[in-house]
1. Only one of these conditions is not met by residue 159: (1) free of Cβ contacts under 8 Å to residues at least 12 places away in the same chain; (2) in a helix (DSSP H, G or I). Which number is it?
2. Condition first: among the aliphatic types (A, V, I, L, M) and in contact with a Gly (Cβ under 7 Å, 6 or more places away or on another chain). Can you find one or more residues in segment 77-90 that meet it?
3. When residues of segment 21-57 are filtered for being at pLDDT 85 or above, within 28 Å of residue 158 (Cβ to Cβ) and assigned to a helix (DSSP H, G or I), how many remain?
4. Quick one: in segment 119-163, which of the residues that are among the charged types (D, E, K, R) and under 13 Å from residue 100 (Cα atoms) is surrounded by the fewest Cβ atoms within 10 Å (Cβ to Cβ)?
5. Touching a Lys or Arg at 6+ places or on another chain (Cβ under 6 Å) and in a helix (DSSP H, G or I), is that true of residue 153?
6. Is there any pair linking a residue in segment 80-105 that is over 30 Å from residue 127 (Cβ atoms) to one that is modelled with pLDDT of 85 or more and among the aliphatic types (A, V, I, L, M), with Cβ under 8 Å and at least six apart or on different chains, and which?
7. Looking at the structure I just gave you, is residue 14 assigned to a helix (DSSP H, G or I), in contact with a His (Cβ under 7 Å, 6 or more places away or on another chain), touching a residue at least 12 places away in the same chain (Cβ under 8 Å) and not assigned by TED's automatic domain parsing to the domain that holds residue 137?
Amino acid sequence: MKRWLPAPLVSISLMAVWLLLHPGFGIGHGLLAILLGLLLPLLLRGLRPRQVRVRHPLTIARLTLRVLGDSLQSNIAVLRYVLFPGRRPHPAAFVRIPLQLRDPNALAVLAMIVCITPGTVWAELSLDRSVLMLHVLEVADAHAVAHHVQTCYERPLMEIFES
């Protein structure tokens, strides 16, 4: 069954979205929705990451709380910068962060964490996935930023995805 229908939820979602985007229901739209729902997951199955087993729920909870706290703190810092641009204590900079994380799903989660935190942008990942380059809005100490990412985000992600 997985061979012909690798992602049933994706198939159903594609069909539903197709039908919702077209106001009138006709047999042609219904057949096209079924065709898209069945063929697109088959054609794109090579792009899907491997399956993830949920491990270490307490680590997931701690990481979630950490990300929420850091995001709140960054929101306040960016708001301060927007309201008082002349009081910006440190310039923006690119920060190179050595990574031990190799799991593609974990790297995707790290990318989401970095992107939802205001003031940071995922700029580049080296081809061998050993160095991440971040653009940070205010950098007082690049080593402290790298250490924060490694200890607060990378280590928990390694525990969740690679152990």
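The values are calculated or read from the model by the stated rules, or taken from the named source; none is laboratory data. Please read all numbers here as calculations on a predicted model, not as lab measurements. Cβ sites come from the backbone with ideal geometry, for glycine too, and all protein chains shown count toward neighbours.
1. (1)
2. Checking segment 77-90: at least one residue is among the aliphatic types (A, V, I, L, M) and in contact with a Gly (Cβ under 7 Å, 6 or more places away or on another chain).
3. Number satisfying all stated conditions: 1.
4. 128
5. Criteria not met by residue 153.
6. 81/137; 89/140; 90/139; 90/140
7. In short, no.
Each row is one residue, and each column tells you yes or no for (1) of a type in the set (Gly, Ala, Ser); (2) touching a residue at least 60 places away in the same chain (Cβ under 8 Å).
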site: 60; (1), (2): no, yes
site: 76; (1), (2): no, no
site: 110; (1), (2): no, no
site: 116; (1), (2): no, no
site: 144; (1), (2): yes, no
